[in-house]
Amino acid sequence: MSNLSEIDSTLILQTFLVLRIIQYAVETWLSRKNREWWGDKSRQEQAAKALGISAADMEKTSQYSEAKYGLSRAYAVTTIIISTLFFALGGLGITEKVSADLTTGINGGVIAEGLIFIGLLTLMSQGVSLPFSLYGTFVIEEKFGYNKQTIKGFMSDLLKGTVLAVLLGSGILSLVLWIMGTMGSLWWLYAWAALSVFSLFTAWIYPTLLAPIFNKFTPLADGELKDQINALAQKIGFRTDGLFVMDASKRSGHGNAYFTGVFGKKRIVLFDTLLSSMSNHEVVAVLAHELGHFKLHHVRTGMIRGLIISLLIFAGIGAMLPNSNFYKAFELTKVSHYAGLVIFSLWFGLIEFYLQPIQTWFSRKNEFAADEFAKTTLGTGSPLVEALKKLREKSSVMPIAHPLFSAMYYSHPPMLERIAALQASEPR
């Protein structure tokens, strides 16, 4: 790491900004190629014919995709301009000074300073994204009939999420900063262990303590659907802590189903919007796909992969912390643990962008496998095909995407590809 300490701080900042601009340029190019791809009328007609989509529905889907494309590009332009100016003009250094001033006289030391520093950065980030979130919800989603949320409900969710993030986030961040300052050269290993335990703990309490803060969960009523779901869970060996219906309709018209929790707190959750738009067999098919992730160990391997990546991240932070030029590059006046966390996260964000296709490939592979699991378990892929068509219709999801864009961003394969795979080898 001695060579890194000799790199000029100005060159470090210039390299960082150039890489961010390159990332923005690549993202813009991919987005435009994808827009040209799905905007092609002949492709839309072919997809509509293959999936049985009406001309009116495809037109609505095209308009919805166009509206979301415009919003995403506006957000991308705004963030690249603001962030580039922020870093180039020493925004981190200014935030560091403000944090130090605010903690003067507080008996919290570097931990309090770190909490305020990261809190201010988070607040600024949310301030930039909030107008776009509001526009997306109350203009685009409202226009196409998917928004069911009120401004009051939106702000209530925002407030709850902020309070929860402050309570949980400040607690684990304080612990990590304390470990960084007291555990010597191997602090990164102890910090990783603490964060891993915290992540597992929050996953454990999420179904019963955290999720109900935002939504109402009602036990699924006795009847044919409940019997079919219990039979499916028993067949694949999934021990559930309960079957619940979530009031998703108070926010959106989109539907879904999932299982959540770890250890003995795994729950199956069905959106009420899903139940209102699908037959029992289709609901069971969607759930069979979700439980396929459990049976095929996708959740477990994903969790292990996440723990390994986080370990490497903490090791990288530990290696970078002593190099003062990385701090000087962003006009930070001192080497601090909290600033080290932020700077490394910025650099890792650049690295992660170029590694994203690998993560997307794993995710897409798992989605195809879960679809195949549902098809094999149910003896036919037809119910899942019909369910996917209805999910697409209820969300106006464009069923096609440019191969490069899809490989980069689509954790779930485009609808046309999923249905084609399900229909392959299906009895005629």
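Out of SER174, SER185, one residue alone is of a type in the set (S, T, N, Q), in contact with a Leu (Cβ under 9 Å, 6 or more places away or on another chain) and in contact (Cβ under 8 Å) with a residue 60 or more places away in the chain. It is SER174. Against the test of being modelled with pLDDT of 90 or more, under 30 Å from THR240 (Cβ atoms) and surrounded by 14 or more Cβ atoms within 10 Å (Cβ to Cβ), the options LEU225, LEU173 yield a single qualifying residue, LEU225.
In the list LYS328, LYS365, LYS334, LYS375, which residue meets the criterion of being under 28 Å from GLU36 (Cβ atoms) and out of contact with any strand residue (DSSP E or B) (no Cβ under 8 Å at 6 or more places or on another chain)?
Result of the check over LYS328, LYS365, LYS334, LYS375: LYS365.
A single member of GLU367, GLU352 is crowded, with 16+ Cβ neighbours inside 10 Å and of a type outside the set (Ser, Thr, Tyr), and it is GLU367.
Need the failing condition index for THR104 against (1) assigned to a loop (DSSP other than H, G, I, E, B); (2) in contact with a Phe, Trp or Tyr (Cβ under 8 Å, 6 or more places away or on another chain), just the number. THR104 satisfies all of (1) assigned to a loop (DSSP other than H, G, I, E, B); (2) in contact with a Phe, Trp or Tyr (Cβ under 8 Å, 6 or more places away or on another chain) except (2). GLU417 meets each of the listed conditions (1) in a loop (DSSP other than H, G, I, E, B); (2) of a type outside the set (A, V, I, L, M); (3) more than 17 Å from the chain's Cα centre (by Cα) apart from (1).
Whenever a residue of the stretch 49-64 is more than 23 Å from ASN147 (Cβ to Cβ), its partners that are exposed (fewer than 15 other Cβ atoms within 10 Å of the Cβ), lying with C-beta atoms within less than 8 angstrom and at least six residues away or across chains, give the pairs ALA50/ALA420. Checked against the criterion of being of a type outside the set (S, T, N, Q) and either closer than 30 Å to GLU96 by Cα or assigned to a helix (DSSP H, G or I) (or both), the stretch 252-272 contains one or more residues that satisfy it.
Taking the stretch 143-237 and the helices (runs of 4 or more DSSP H) fully enclosed by it, the elements with 1 or more residues that are hydroxyl-bearing (Ser, Thr, Tyr) are at 151-182, 187-205. Would you check if LEU17 is part of a helix (DSSP H, G or I), in contact with a Gly (Cβ under 7 Å, 6 or more places away or on another chain) and either farther than 24 Å from SER133 by Cβ or in the same structural domain as GLU417 (by TED's automatic domain parsing) (or both)? In short, no. Looking at (1) surrounded by 17 or more Cβ atoms within 10 Å (Cβ to Cβ); (2) on the phi > 0 side of the Ramachandran plot, which is the one condition that is false for HIS254? Every listed condition holds for HIS254 apart from (2). The set of residues from the stretch 51-92 being closer than 19 Å to ARG20 by Cα and among the small types (Gly, Ala, Ser) comprises SER72, ALA74, ALA76, SER83, ALA88, GLY90, GLY91. Looking only at residues that are among the aromatic types (Phe, Trp, Tyr) and under 17 Å from the mean Cα position of the chain (by Cα) in the stretch 355-374, which one is nearest to ILE179 (Cα to Cα)? Here the answer is PHE362.
Cβ contacts < 8 Å: first residue closer than 14 Å to ALA100 by Cβ, restricted to the stretch 113-125; second residue charged (D, E, K, R) and in a helix (DSSP H, G or I), any location; separation 6+ or different chain. Result? So the pair list comes out as PHE117/GLU96. Put simply, of HIS289, HIS337 the only residue that is more than 20 Å from the chain's Cα centre (by Cα) and either outside the structural domain of PHE362 (by TED's automatic domain parsing) or not hydroxyl-bearing (Ser, Thr, Tyr) (or both) is HIS337.
Residues in the stretch 279-294 that are surrounded by fewer than 16 Cβ atoms within 10 Å (Cβ to Cβ) and in contact with a helix residue (DSSP H, G or I) (Cβ under 6 Å, 6 or more places away or on another chain): there are none.
The values are calculated or read from the model by the stated rules, or taken from the named source; none is laboratory data. Note that the structure is a prediction, hence the values are computed from the model and not measured. Positions of Cβ are generated from backbone atoms using ideal geometry, with glycine treated the same way; all protein chains shown enter the neighbour counts.
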